[in-house]
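The values are calculated or read from the model by the stated rules, or taken from the named source; none is laboratory data. For clarity, every value in this text was computed on a predicted model and none was experimentally measured. No Cβ is skipped: glycine too gets one built from the backbone with ideal geometry, and neighbour counts run over all protein chains shown. Areas reflect the complete protein model, heavy atoms only, side chains present, ligands, DNA and RNA absent. Shrake-Rupley method; radii C 1.70, N 1.55, O 1.52, S 1.80 Å.
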Amino acid sequence: MTQDLDNLLEYSVPELVQWCTTLGEKPFRAKQLSKWIHQSGVADFEAMTDLAKSFRQNLQGKACVKAPPIISDHVSKDGTRKWLFDVGQGNAVETVFIPEERRGTLCVSSQAGCAVNCRFCSTGKQGFSRNLTTAEIVAQLWQANVLLKADGREYPQERPVTNVVMMGMGEPLLNYSALVPALQLMLDDQAYGLSRRRVTVSTSGVVPFMDRLSQDCPVALAVSLHAPNDALRDHLVPLNKKYPLRELLDACLRYLNHAPRDFITFEYVMLDGVNDSVEHAHQLADIARHVPCKFNLIPFNPFPESGLHKSKAPAIKAFVDVLTQAGVVTTVRKTRGDDIDAACGQLAGEVMDRTRVKERIETAVPVEVLKRSAKFRN
Ligand code: SAH
Ligand code: SF4
């Protein structure tokens, strides 16, 4: 019965070593196993030909490598690909692959729903359902590599996904204990082997966990700023009431002492008549004088219930000009995958309608979702 099997996607490499030790296997066996799973994308233990037969049989009865069932898989005209995963009990999360000339970026979800409830975010509007497990976070990367490799295209690197951004559904730092082992797997040379610069955590500003991340796993950091002052940020990102700008910016400075890049990326969704005036841009330029940063302006992806609109092109241009003249590197994010609702903040689009998701889940092949707590974690 699969219920009793341990999903090995749950374990960081040191945890897998420990897991294998309890089976009486040597540490190097765990490393071989990890490479088969994460680097070769193999889930069938019998296909792991250099593992001893006895070990394979042992694995067969105790473990599995399993991603949540896929509800839908769409490819956009621009090559962006989006998967919707069924994580059980009517919950679904999305993962988006964005191919570029020399890299492939995977946008990964960390929670089903989100409790932060930013005004402009459809995931927030959906409310919070639950944290994803490490296995569910890692499965998005594992499954994307497997499926992309099978699509017959040429990729510039050995594995299609070269960069990961934790910018899908959910607030990654509010799912810290599952996030860290997932990040460790992304970085581990026996697993995905991505450099710390190629893995980005995006946060709405959960200050205490920014500090912990700087100690435990200092990957690149993006901070969702969206407003240059507390009054406006309180309104757009309610978490600001708990961790106001001063504290957030101090935390950014502390993070930079450990970060793999010498700047923080500030994300800023451009909302017509709300946060997009020239005055706002000047206030941001003041912030940038204190925190080494780059700005990534995100065109707002509207959804009906938000009551918000995207900024007009001349407003965006004037905004960029102010920041650039102040010496702040500023980019405007290209919108990708529009035709399949894969752009930022649209990720929950399909999920919003719970009935439709439920129908689709019911018609999908039923494969049980593994829910387990990690044995080797405190
Ligand atoms: N919770 C984390 C990461 C997920 S959201 C965070 O907030 O940073 C990833 C990015 O998408 C964030 O910068 C978020 O502000 C942005 N976003 C959310 N809704 C959006 C929308 N409707 N249009 C454009 N960007 C949006
Ligand atoms: Fe949550 Fe990020 Fe959406 Fe805010 S923008 S509600 S933190 S997912």
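Per residue, the accessible area of the chain comes to 43 Å² when a 1.4 Å probe rolls over the protein heavy atoms.
Loop-resident trypsin sites (Lys or Arg not before Pro) (DSSP state other than H, G, I, E or B) in the stretch 46-124 with no more than 12 further Cβ atoms inside 10 Å of their Cβ: K77, R102. Does the stretch 2-64 come out rounded, prolate or oblate, given a ≥ b ≥ c as the square roots of the eigenvalues of its C-alpha gyration tensor, rounded meaning a/c under 1.5 and, failing that, prolate meaning a/b above b/c? Note, shape of the stretch 2-64 comes out rounded.
Grab the DSSP H runs of the chain that are 4 residues or longer, score each as -39,500 (n - 2.57), total them, divide by all residues and round the 222 nm result to the nearest 500 deg cm²/dmol. Result for the chain, helices only: -10000 deg cm²/dmol. When the Debye formula is applied to the Cα atoms of the stretch 58-101, each taken as the same point scatterer, what base-10 log of I(q)/I(0) results at q = 0.17, 0.29 Å⁻¹? Here log10 of I(q) over I(0) equals -0.62, -0.97.
Solvent-free Debye calculation, one equal scatterer per alpha-carbon of the stretch 90-234: log10 I(q)/I(0) at 0.09, 0.17 Å⁻¹ equals -0.28, -0.96.
Could you please report the charge total around V65, scoring K, R as +1 and D, E as -1 over all other residues with beta-carbon less than 11 angstrom from its beta-carbon? Don't skip to the answer; put the middle values down first.
Working: positive: K66; negative: D6, E10, D44.
Summing Lys/Arg as +1 and Asp/Glu as -1 gives -2.
Of the solvent-accessible surface of the stretch 70-376, computed with a 1.4 Å probe and all protein chains present, 52% belongs to carbon and sulfur. In the calculated pair-distance distribution of the chain, the portion above 40 angstrom amounts to 15 percent of the Cα-Cα pairs.
Between S277, S122, S12, the residue with the greatest mean-square fluctuation in the GNM of the chain (Cα pairs under 10 Å linked by springs) is S277. Given the options H38, G327, L308, identify the residue whose Cα lies farthest towards the positive end of the charge dipole of the chain (+1 on Cβ of Lys, Arg; -1 on Cβ of Asp, Glu). Comparing the listed Cα positions along the dipole, H38 ranks first.
Note on the stretch 2-64: with neighbouring protein chains present and a 1.4 Å probe, carbon and sulfur make up 51 percent of its accessible heavy-atom surface.
Please list H282, H226, H74 in order of solvent-accessible area, largest first, computed with a 1.4 Å probe with all protein chains present.
Values: H282 95, H226 10, H74 75 Å².
Largest to smallest exposure gives the sequence H282, H74, H226.
Among T22, T134, T335, which one shows the biggest mean-square fluctuation in a GNM of the chain, springs joining Cα atoms closer than 10 Å? Greatest mean-square fluctuation among the candidates belongs to T22.
Among E25, E100, E154, the largest mean-square fluctuation in a Gaussian network model of the chain (Cα springs under 10 Å) belongs to E154.
Computed about the Cα centre, the dipole magnitude for the chain is approximately 500 debye when only Lys and Arg (+1) and Asp and Glu (-1) carry charge, each at its Cβ. Along the axis of the charge dipole computed for the stretch 2-64 (Cβ charges of +1 for Lys and Arg, -1 for Asp and Glu, origin at the Cα centre), the listed residues T22, A63, L5 are led at the positive end by T22.
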